[in-house]
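A short write-up of the structure that comes next.
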Amino acid sequence: MYLQHFGLREPPFSLTPDTSFFFSCSSYQEALNTLLVAARNGEGFIKITGEVGTGKTLLCRKFLATLNQGCQSTTLIGTQDQAVDAPSAPRFITAYIPNPYLEPRSLLLALAGEFRVPLDKDTDQHQLLKGLTRALLDCARNGQRALVCLDEAQAMPLESMEVLRLLTNLETEKRKLLQVVLFGQPELNERLRHHSIRQLRQRISFQYNLQGVRKDEMERYLRHRLAVAQYPGETLFGRGAVGKLHRITGGTPRLVNIVAHKALMLAFGEGRQQVSPKHIRDAAADTPETRRDWLPWALALTGAALIASLGSAWVALQ
């Protein structure tokens with residue numbers, strides 16, 4: 001709706017985890033470095049945790065896209081093949097499971113599908129394990145490493161976690177045949193404390209807790225996303241708006257994007273070319289998860305008023 005008004009080519013604050021918008025703030029970069037070092041060292045289990053909205057899925061996709069840069073190999077991410085070319089670092093065959101809320105057999109079937117293991121229609125669990133083992137051994141013989149990323153891992157049943165651990169028991173004399181990266185909310189830590197999966201917990205050799213965008217990084221974060229969306233100017237957010245945006249969101253990327261998007265809608269509705277602190281304040285009033293205890297005002301713009309404001313702008317444009 002507001003793209004033409006601000007001279008944008010695409011929405012700069014979409015909630016879709018698009019890696020072209022990846023911003024290397026300190027927390028993201030440290031987490032990505034941890035993932036790359038651990039994966040290339042051949043570690044068995046790696047864990048990344050973060051609160052809701054801190055960008056775990058975006059980090060996961062960026063990690064998968066970066067993993068084989070500088071390697072001569074083909075990585076399988078979902079159903080797409082991406083060839084990259086170079087001679088040095090280890091070569092990876094990767095799998096991505098976005099929803100690991102699966103009982104053990106379904107999890108094995110998902111892994112078999114990701115690693116393209118040929119299976120008969122009525123394959124039992126024993127044959128599943130044999131097929132996966134052959135595929136992992138083939139990777140090792142070809143000088144490749146197999147790695148699986150599981151998003152929302154806090155939802156994985158304990159029985160499936162144990163099956164995953166048993167699968168990582170497969171190894172050559174030099175290294176494990178399968179590496180596992182767990183991405184999850186803080187509740188994942190609680191699940192891993194369960195006595196029945198203490199062996200898996202002991203195998204987590206690298207871990208990182210993802211944080212939000214810091215106050216001193218917020219302006220660069222906004223400018224980066226606007227630049228990717230090909231905004232022709234420097235920024236749409238004044239210094240006061242940037243500070244208020246960080247205060248009410250705590251730097252949580254998803255909340256930042258939601259409030260920034262609504263603030264742009266409000267600025268467009270008023271015919272303004274820059275977002276003001278008032279636009280941020282009113283956008284936050286329509287976003288339940290933002291911090292409100294610090295706000296000195298009682299009456300806020302509701303969702304209905306927001307729609308009415310945009311409707312008036314649309315009629316004026318027509």
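Rule-based calculations on the coordinates, nothing more; no lab input. As the structure is a computational prediction, the values presented were derived from the model and not from experiment. Please note: Cβ atoms are built from the backbone with ideal geometry, for glycine as well, and neighbour counts cover all protein chains shown.
What FRET efficiency do you get for H194 and V228 if R0 is 35 Å and r is their Cβ-Cβ distance, rounded to the nearest 0.05?
0.25
What is the magnitude of the charge dipole of segment 26-210 about its Cα centre, with +1 placed on the Cβ of each Lys and Arg, -1 on the Cβ of each Asp and Glu, and no other charges, expressed in debye to the nearest 20?
480 debye
Under 5 Å between amide hydrogens, which residues at least 5 positions from L178 or on another chain qualify, with H placed 1.01 Å from N in the peptide plane?
none
Computed FRET efficiency, Cβ-Cβ of R141 and L166, R0 30 Å: what is it to the nearest 0.05? It would help to have the intermediate numbers written out before the result.
Working: r = 22 Å, r/R0 = 0.73.
Once rounded, the FRET efficiency stands at 0.85.
Run the quick spin-label model on S205 and T19: label points 7 Å from Cα toward the beta carbon, then report their separation in nm to one decimal.
2.4 nm
R0 = 30 Å: FRET efficiency of E270 with D216, Cβ-based, nearest 0.05?
Approximately 0.55, to the nearest 0.05.
Among the listed pairs K56/K174; K215/K262; K47/K130; K47/K176; K130/K174; K56/K215, which have their C-alpha atoms separated by more than 23 angstrom in this model?
Distance filter (> 23 Å) returns K56/K174; K47/K130.
Mind listing the phi-derived Karplus ³J(HN,Hα) values for segment 236-243, rounded to whole Hz, using 6.51, -1.76 and 1.60 with θ = phi - 60°, and x for any glycine or proline?
9, 10, x, 4, x, 5, 5, x
Rounded to two decimal places and with Rh computed the Kirkwood way over Cα pairs, what is Rg over Rh for segment 26-210?
Details: Rg = 15.5 Å, Rh = 16.5 Å.
With Rg and the Kirkwood Rh in hand, the quotient comes to 0.94.
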